[in-house]
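Below is one structure, written out as C-alpha cells; the observations come after it.
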Amino acid sequence: MSVATSVDGVAPSIWNAAHDVDARRPRSCQTQLGASDTVCGRRAAYILHGVTPTDQPDKRAAILGTYIHHGLLESARTEYGWLVERSVQDDLIRGHVDVVQLDANTAARLPARHRPVIPADVLTVEDVKTKSTYLWDRVVRYGATAAELRQVYLYAGALSEVGFENVPGQRYLARLGPLPIGRIRFRFINRDSGAEHLQEFDFDPQRAAEAQWWVERVRESQSPEDMPRDFHGPGLDAICDYCPFRSLCWPGAAPGVPEQTALIHNDADREQALIEYVQGHELASEGNRIKNFARKKLDQSPPGVYGSNRLSWRGGNDEEKDDVEAMVDLHEIAGIPVPMQPDADRMVKNLKEAGLPIPRRKTGRKTAPVISVGPA
Ligand code: SF4
C-alpha cells in the first residue's frame, strides 16, 4: 500500500497495515454492485462492466468511519438485540444493511432467542453514516443526500420484496420472507465530536422503485461511457478525488491542468461553458445581494435561535498590532542590535530567534464582527 511508507523515515506507517486489512475485507473484494457503489452512475457502470480500478485513493477517513461504524453497530447488537450487518440480495444489488429493527409481529415469528430486547413500533431499516464536522451543518440542515437515499432504498426495497438473503448464519431470518418495512432511519454520527443526528421518514415503495430503476439503467448501458458523470470531477467534488476510477473517468490532463478541460472539444463546448459561467456568476451575484441585504438587517440582532437557524457572532475583539517601542526595549535588554531603520518584520524575527515574546498593543480599533449562522 502506498499511502505512507514510513513515519519520519523510522517506522512503517500503521496505515499501511490498515489499508492492507481493508483491501481484504469481503466488501472490498466484492465485484457485484453494492448499494454503496450507486453514488455515481458512471462509477456504478465501471463496476458492473468489470473495469479494473485505475486509482488507489487515500482511504484513511473511510477506514476510520468503518471502525466507528463497526463498534457502534456491534454495541447495538449486543445491548439492544438489533439485527446488524445482515446481508440482502436481489436481482440488482448485494450488500449488508446496517440495522433492521423488527416490529413485534415480525419478531414473534422468530425463535425466542433471536427476538430483539425491545421491538420497534414499525419495522425500521436504519443506515448509520459517520460524517466529519466539516459536513455536519449540511447534514443537520438537509439530511441524507440523493445517493444516500438511493442506497438505503435499494436495501429496503430488497428486504420488502425478497427479505434477508438465504445464507448460513441468517437462514432463520430468510425464512421470514418479504418484510413489511414501515420506516427508514438515518443515524448520522459526527466523527469528531460523537454528536448524533437522526432523520426518519416512512418507507415509500415508489422511492424504492425509482432506486431500482436507476440501477436497471446502469445495467442496460453498453459501456461505462454511456452513463453520465454525476459529479463535476477532481478538485470540485470530493467523491471524485477519492474515486478508484478517477484517471479513467477524467483522462489526459497535463500536470497542473484541471481534468475538466477534457470536456472541452470545440468552440461549441466553449460557448456552452461560457453560458454556464455567466449563469453561475449571475446566480452568485443575486445570492450575494440577498445575503448582504439580510446581513445588514441582522446587524443589531442578539444571538439566539430563530426558527430553524441559530444566530451567533464572532469578532468584536480589541485589534492588536506589533508594539515597536516595546520591541526596542526588549532588544536592548536582550543585547540584540536594534535596526537603525525601525523594521518591525526584522524585529519580530529577531525576537522569535531569541525566544522572546512579540509585544502587541491595542490600536483602539475593533475587528469587524463576523456573522455565523448554523442550524438550530
Ligand atoms: S471520478 Fe467522479 S464522475 Fe467519475 S466515476 Fe468517479 S465519482 Fe463518478
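The values are calculated or read from the model by the stated rules, or taken from the named source; none is laboratory data. Every value quoted in this text rests on a predicted model; they were computed, and no experiment measured them. A quick note on method: Cβ atoms are made from the backbone with ideal geometry, for glycine too, and the neighbour counts reach across all protein chains shown.
Quick one: count up the residues across region 86-105 that are buried (at least 19 other Cβ atoms within 10 Å of the Cβ) and either without any contact (Cβ under 8 Å) to a residue 12 or more places away in the chain or not in a strand (DSSP E or B) (or both).
Here the count works out to 3.
Can you tell me how many residues within region 38-61 are more than 10 Å from the ligand (Cβ to nearest atom), assigned to a helix (DSSP H, G or I) and surrounded by 15 or more Cβ atoms within 10 Å (Cβ to Cβ)?
Total satisfying the criteria: 3.
So which of V167, V128, V122 ends up being of a type in the set (V, I, T) and either crowded, with 19+ Cβ neighbours inside 10 Å or free of Cβ contacts under 8 Å to residues at least 24 places away in the same chain (or both)? Quick ask: steps written out before the conclusion?
On the way: V167 fails: either crowded, with 19+ Cβ neighbours inside 10 Å or free of Cβ contacts under 8 Å to residues at least 24 places away in the same chain (or both); V122 fails: either crowded, with 19+ Cβ neighbours inside 10 Å or free of Cβ contacts under 8 Å to residues at least 24 places away in the same chain (or both).
On inspection, the qualifying residue turns out to be V128.
Just to be sure I understand, how many residues within region 170-185 are within 11 Å of T124 (Cβ to Cβ) and touching a Lys or Arg at 6+ places or on another chain (Cβ under 7 Å)?
Residues in region 170-185 being within 11 Å of T124 (Cβ to Cβ) and touching a Lys or Arg at 6+ places or on another chain (Cβ under 7 Å): 0 in total.
Taking region 227-248 only, how many residues are among the aliphatic types (A, V, I, L, M), near the ligand (Cβ under 9 Å from one of its atoms) and out of contact with any Ser or Thr (no Cβ under 7 Å at 6 or more places or on another chain)? Before the answer, list the steps.
Looking only at region 227-248, we keep the residues that are among the aliphatic types (A, V, I, L, M), and these are 227, 236, 238-239, 248.
Pick out the ones that are also near the ligand (Cβ under 9 Å from one of its atoms) and you get 227, 239, 248.
Right, trim to out of contact with any Ser or Thr (no Cβ under 7 Å at 6 or more places or on another chain) and you get 239.
Adding up the residues that qualify gives 1.
For the list (1) farther than 14 Å from E126 by Cα; (2) buried (at least 17 other Cβ atoms within 10 Å of the Cβ); (3) out of contact with any Phe, Trp or Tyr (no Cβ under 8 Å at 6 or more places or on another chain), I need the number of the one condition that N190 fails.
Single failed check for N190: (3).
Quick one: in region 210-226, of everything that is farther than 17 Å from A147 by Cβ and either more than 16 Å from the ligand (Cβ to nearest atom) or more than 25 Å from the chain's Cα centre (by Cα) (or both), which residue is surrounded by the most Cβ atoms within 10 Å (Cβ to Cβ)?
As a first pass, look at region 210-226 and keep what is farther than 17 Å from A147 by Cβ: 219-226.
From what's left, either more than 16 Å from the ligand (Cβ to nearest atom) or more than 25 Å from the chain's Cα centre (by Cα) (or both): 219-223, 225-226.
Working: R219: 13, E220: 10, S221: 16, Q222: 8, S223: 10, E225: 14, D226: 14.
Of everything passing the filter in region 210-226, S221 is surrounded by the most Cβ atoms within 10 Å (Cβ to Cβ).
Considering only region 121-136, state which residues are out of contact with any helix residue (DSSP H, G or I) (no Cβ under 8 Å at 6 or more places or on another chain) and either within 20 Å of I68 (Cβ to Cβ) or not assigned by TED's automatic domain parsing to the domain that holds L83 (or both).
Of everything in region 121-136, those that are out of contact with any helix residue (DSSP H, G or I) (no Cβ under 8 Å at 6 or more places or on another chain) and either within 20 Å of I68 (Cβ to Cβ) or not assigned by TED's automatic domain parsing to the domain that holds L83 (or both) turn out to be E126, T133, Y134, L135, W136.
Identify the residue in region 249-259 that is more than 8 Å from the ligand (Cβ to nearest atom) and within 23 Å of I47 (Cβ to Cβ) and, among all such residues, is surrounded by the most Cβ atoms within 10 Å (Cβ to Cβ). So that I can check it myself, show each step before the final result.
Initially, region 249-259 is screened for residues more than 8 Å from the ligand (Cβ to nearest atom), giving 251-259.
If we keep only those that are within 23 Å of I47 (Cβ to Cβ) as well, we get 251-252, 259.
Numbers: P251: 10, G252: 9, E259: 19.
The residue in question is E259.
Which strands (runs of 3 or more DSSP E) sit wholly inside region 260-376 and have at least 2 residues that are among the β-branched types (V, I, T)?
Values: elements: 304-306, 309-314, 318-322, 360-366, 370-375.
Fully inside region 260-376 and qualifying: 370-375.
Considering (1) farther than 28 Å from K59 by Cβ; (2) among the charged types (D, E, K, R); (3) within 11 Å of the ligand (Cβ to nearest atom), say which one R289 fails and leave the rest.
(3)
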